[in-house]
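For reference, the structure is listed below as structure tokens.
The values are calculated or read from the model by the stated rules, or taken from the named source; none is laboratory data. Keep in mind that this is a model prediction, so the values were computed, not measured. Please note: Cβ atoms are built from the backbone with ideal geometry, for glycine as well, and neighbour counts cover all protein chains shown. Side chains included, ligands, DNA and RNA excluded: accessible areas come from the protein's heavy atoms. Shrake-Rupley method; radii C 1.70, N 1.55, O 1.52, S 1.80 Å.
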Amino acid sequence: MFIDKKRAIGIGSAMVFTAAGLMMTAQSASAKTVEVTFTAKETDVAIDNKGTKYPAWTFDGTIPGKVVRVTEGDTVDFTLINPKENKNSHSIDFHAAEVDVLDEFAPVKPGEKKHFKFVAKRAGVFMYHCGAPTMAQHIARGMYGIIIVDPKEGYSDKFPKPDREYVLIQQQYFPNAEDKAAMIENRGWTNSLINGKIFHYDPVHDPDASLALTAKPGDRVRIYFVNANINMPVAFHPIAGIWDRIYINGNPENVLYDVQTYNVAVATGDIYDIVSPADHPTNNAIVDHTMSAAMRGAITVLMNTPDADPDAGKGDNILLR
Ligand SMILES: [Cu+2]
């Protein structure tokens, strides 16, 4: 179509027209609409590897909620369902969305729904969470997750393709689910959860742990990390390793090299790349070096072995349950 029009007009303006046409074509060809539906569920979930139950509030019955992954420029067509069986209003706050806090992010009563769209305009790693009052309680009880907005430019020397990808989301665990004041004032938290469980991927500190992150020696392992704590920053450190690269907020433009520990503010998401030695098997312990968090659950083992499952940390399976 553009070729015919180019022939029909003068050569000078044709070049301008063609360039604009190609840009429009490229954008419309790559940008897509991604439908995402969350159902708020007030339900018991296991918060450790033994299966200890906790009266959680969740998106779709799990802590954290499902991974949402789109590409920069995509439209997210979102629906939040709050079933009438629930006792509380719930809401959604996507940190990747630039909308109206009083409209899109407003609380939804039991028996009601909320539908809206937003364009994920900026590449990065973003938190999402329920923002219904009291927000601290809704997050502490489990209503949070990650939305990854992959850069539309794709991979480059500055942003190399990883061999494995894993999501880690940290949260403070408050066993008294009703004590909102304690959550706000940072009292009474007893443990740290990684993807919803204490020592979730740490068979060294918890004999009931059956999962760990795995990779082959020399793999570039990319961690998408979100600090979903209520009040505590995270000192994110790979024991026996060094972060090869950190992309602050998950944006390839914001790159740091060769960092031991990075301070992750509450409600931040970043990308952390680690590359283990290629010539022999090793292990890393990815920790919140803040000892009150590490020794109470925020340790994740990364095993680098030649016989690592070739499918681990690939495709859709990047948040291990
Ligand atoms: Cu909620």
Taking a probe of 1.4 angstrom, what is the accessible area of residue 161 in Å², to the nearest 10? 140 Å²
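In Å², what does the accessible area per residue of the chain work out to with a 1.4 Å probe? Mind dumping the intermediate values first?
Working: 14740 Å² over 321 residues.
Normalised by residue count, the accessible surface of the chain is 46 Å².
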In whole percent, how big is the carbon plus sulfur part of the accessible area of the stretch 258-321, probe 1.4 Å, protein atoms only? 54 percent
Cβ-defined net charge surrounding residue 98, 11 Å radius [Lys, Arg +1; Asp, Glu -1]: 0
Just the number, please: Stokes-Einstein D of the stretch 129-264 in µm²/s, Kirkwood Rh from C-alpha pairs, 4 °C, 1.567 mPa s. 77 µm²/s
The stretch 295-306 - phi-based ³J(HN,Hα) in whole Hz, Karplus 6.51/-1.76/1.60, Gly and Pro as x: 6, 10, x, 8, 10, 10, 8, 10, 9, 10, 9, x
With each label point set 7 Å from Cα along the Cα-Cβ vector, what nm distance links residue 75 and residue 305? 4.8 nm
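How would 179, 208 line up by accessible area, probe 1.4 Å, largest first? Don't jump to the answer; show the numbers that get you there.
Values: 179 50, 208 75 Å².
Sorted descending by solvent-accessible area, the residues read 208, 179.
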Rounded to the nearest 0.05, what FRET efficiency do residue 279 and residue 210 have when you use their Cβ-Cβ distance and R0 = 25 Å? 0.30
Taking amide H positions as placed 1.01 Å from N in the peptide plane, with prolines and chain starts having none, which residues 5 or more places from residue 69, or on another chain, fall under 5 Å of its amide H? 148
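Just to confirm a number: summing +1 for Lys and Arg and -1 for Asp and Glu over residues other than residue 234 whose beta-carbon lies under 15 angstrom from that of residue 234, what do you get?
Details: positive: 296; negative: 270, 288.
It works out to a net charge of -1.
Compare 72, 253 by solvent-accessible area with a 1.4 Å probe and give them largest first, with all protein chains kept in place. Spell out each step's value before the answer.
Working: 72 35, 253 130 Å².
Solvent-accessible surface, decreasing: 253, 72.
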Calc'd 3J(HN,Hα), the stretch 75-92, phi into Karplus 6.51 cos²θ - 1.76 cosθ + 1.60 (θ = phi - 60°), Hz, glycine/Pro = x, comes to 9, 9, 9, 10, 10, 10, 9, 10, x, 5, 5, 6, 9, 10, 6, 9, 8, 10
Where the centroid of each part is defined by its Cα atoms, how far is the stretch 252-321 from the stretch 77-101 in Å? 30 Å
Degrees, to the nearest 10: 11-30 long Cα axis against longest axis of the chain: 30 degrees
Multiplying the sequence separation of residue 31 and residue 98 by 0.36 nm and subtracting their Cα-Cα distance, what value in nm do you get? 22.4 nm
By average Cβ neighbour count within 10 Å, what is the ranking of 212-222, 32-42 from highest down? 212-222, 32-42
Quote the accessible area belonging to residue 173 in square angstrom, nearest 10, computed with a 1.4 Å probe and with ligands, DNA and RNA left uncounted. 20 Å²
Let's test the formula: R0 of 22 Å, r as the Cβ-Cβ distance of residue 240 and residue 46. What FRET efficiency results, to the nearest 0.05? 0.15
Could you calculate the FRET efficiency of residue 84 with residue 184 from 1/(1 + (r/R0)^6), where r is the beta carbon distance between them and R0 is 30 Å, rounded to 0.05? 0.55
Carbon and sulfur %, accessible surface of the stretch 39-96 computed with the full protein complex present, 1.4 Å: 47 percent
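For the chain, what does the relative contact order come out to in percent, with C-alpha contacts under 8 Å and a separation of six or more? List each step's numbers first, then the result.
On the way: 810 pairs, mean separation 50.0, N = 321.
About 16 percent, as a whole number.
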For the pair residue 163 and residue 254, how long in nm is the line joining their label points, each one 7 Å along Cα→Cβ? 2.8 nm
Looking at the chain, send over the antiparallel percent of its DSSP beta bridges, to the nearest 5. 70 percent
Divide by every residue of the chain the summed helix terms, -39500 (n - 2.57) for each DSSP H run of at least 4, and state the resulting mean residue ellipticity at 222 nm, rounded to the nearest 500 deg cm²/dmol. -3500 deg cm²/dmol
